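Worksheet: the structure to be examined is printed underneath.
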Ligand SMILES: Cc1cn([C@H]2C[C@H](O)[C@@H](COP(=O)(O)OP(=O)(O)OP(=O)(O)O)O2)c(=O)[nH]c1=O
């Protein structure tokens with residue numbers, strides 16, 4: 001494993017999302033990436049808030065277990081989850097073209113929420129934060145949706161769009177945290193890291 005930035009690592013990023021790594025680089029928070037595999041199925045009756053937080057916690061805990069198993073240097077482990085919520089429905093990453101077009105069709109001409117949860121685990125401590133952003137889309141024509149799918153951008157993105165990419169052409173308004181929509185609420189990440197670094201190390 002090699003450091004992902006020139007800065008001294010302050011945390012492990014338990015994520016395969018290139019966006020999350022880029023966001024940490026943007027604010028010069030030194031980190032090392034670790035890879036974990038987490039089941040992202042929604043539980044019956046689970047609220048969107050509970051869902052994103054539970055998955056972020058699961059990713060961080062899986063990362064912490066890996067760090068301990070491999071005897072890596074002890075640093076906080078960050079897990080995150082981002083979902084798009086419309087009419088109480090949780091939209092994750094699209095399975096295929098039809099799924100992506102159905103999601104984008106739902107988002108067209110309306111307002112949705114993007115929920116991004118983070119969890120930092122360090123020894124016996126666990127801190128979580130939830131960021132909720134409102135995003136409004138203009139109406140999108142069916143042929144635009146098709147073109148957007150063909151660009152390849154919807155795959156791997158919650159709600160089948162990327163605000164940091166061509167998806168920005170659909171965004172009429174955003175109220176909340178831009179970085180949280182891209183995948184990692186940076187304000188909360190900095191705050192939780194500071195908080196967890198100040199805690200007494202576990203004896
Ligand atoms: C809404 C939106 C989401 N996304 C991305 C962020 C996340 O990578 C992805 C949501 O899926 P996640 O399950 O949160 O993350 P992931 O599977 O990509 O990565 P990992 O679990 O390994 O950490 O959607 C954007 O890049 N731009 C956007 O505008």
Criterion first (at pLDDT 95 or above, away from the ligand (no atom under 12 Å from the Cβ), outside any helix (DSSP H, G or I) and touching a helix residue (DSSP H, G or I) at 6+ places or on another chain (Cβ under 9 Å)) does residue 101 satisfy it?
no
Need the failing condition index for residue 94 against (1) outside any loop (DSSP other than H, G, I, E, B); (2) more than 14 Å from the chain's Cα centre (by Cα); (3) crowded, with 22+ Cβ neighbours inside 10 Å, just the number.
(1)
Taking the options 184, 155, name whichever one is surrounded by fewer than 22 Cβ atoms within 10 Å (Cβ to Cβ), under 24 Å from residue 24 (Cβ atoms) and touching a residue at least 60 places away in the same chain (Cβ under 8 Å).
155
Output for region 3-19, where each listed residue is within 10 Å of the ligand (Cβ to nearest atom) and under 21 Å from residue 74 (Cβ atoms)
13, 14, 15
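Among the candidates 125, 119, which residue alone is in contact (Cβ under 8 Å) with a residue 40 or more places away in the chain and away from the ligand (no atom under 13 Å from the Cβ)?
The conditions single out 125.
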Can you tell me which residue in region 67-96 is nearest to residue 158 (Cα to Cα), limited to those that are in contact with a strand residue (DSSP E or B) (Cβ under 8 Å, 6 or more places away or on another chain) and more than 13 Å from the ligand (Cβ to nearest atom)?
76
Filtering region 34-52 for residues that are within 12 Å of the ligand (Cβ to nearest atom) and out of contact with any helix residue (DSSP H, G or I) (no Cβ under 6 Å at 6 or more places or on another chain) leaves a count of 6
Looking only at region 104-116, count how many residues are within 12 Å of the ligand (Cβ to nearest atom) and more than 14 Å from the chain's Cα centre (by Cα).
3
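The values are calculated or read from the model by the stated rules, or taken from the named source; none is laboratory data. All of these numbers come straight from a predicted model, not from anything done at the bench. Counting neighbours? That spans all protein chains shown, and the Cβs are built from the backbone with ideal geometry, glycine included.
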